[in-house]
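Worksheet: the structure to be examined is printed underneath.
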Amino acid sequence: MSAQATFDIQVVEERWNPLAERKELQLVITHVAQPTPTRCQVRDAIAERYKVDKKYVVVRKLLTEYGIGRSKATVHIYKDLERMKKLEPEKVLKHNEKCEG
């Protein structure tokens, strides 16, 4: 895997959810003639863009549109790890834990 990511992230929707105490993002990721970026790459890019530690960033969904070089993603940014562990499904947390290391 290359150190430099070759994709562009556009934030389509950004909203603060006061009930869940998290920022919710809808993204369109453009990666023409490149493989779909991994959850880890998307997570790192969002953490860098929003200047937060990546342990607070959760990639909920990452769906690739066939043959277009474009993916859609749903990302949550939390302020509190305990809140994140209560609200996110265990399966989603396990996918994101693979990025730790």
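Between Asn17 and Lys79, the contour length at 0.36 nm per residue exceeds the Cα-Cα span by 21.2 nm. The phi-based Karplus calculation (6.51 cos²θ - 1.76 cosθ + 1.60; θ = phi - 60°) puts the 3J(HN,Hα) values of segment 69-75 at x, 9, 10, 10, 9, 10, 10 Hz, whole numbers, x for Gly and Pro.
Rounded to the nearest 10 degrees, the angle from helix 39-50 to the longest Cα principal axis of the chain is 70 degrees. Residues whose amide H lies under 5 Å from that of Lys61, counting only those 5 or more places away or on a different chain, are Thr74; hydrogens are built 1.01 Å from N in the peptide plane.
Other residues with beta-carbon under 9 Å from the beta-carbon of Ile77 carry, at +1 per Lys or Arg and -1 per Asp or Glu, a net charge of +2.
Taking the Cβ-Cβ separation of Leu93 and Ala33 as r and a Förster radius of 35 Å, what is the calculated FRET efficiency to the nearest 0.05?
0.60
Here, each number is a calculation from the coordinates, and none is a lab measurement. No experiment lies behind these values; they were computed from the predicted model shown. Reconstructed Cβ throughout: ideal geometry from the backbone, glycine too, with neighbour counts over all protein chains shown.
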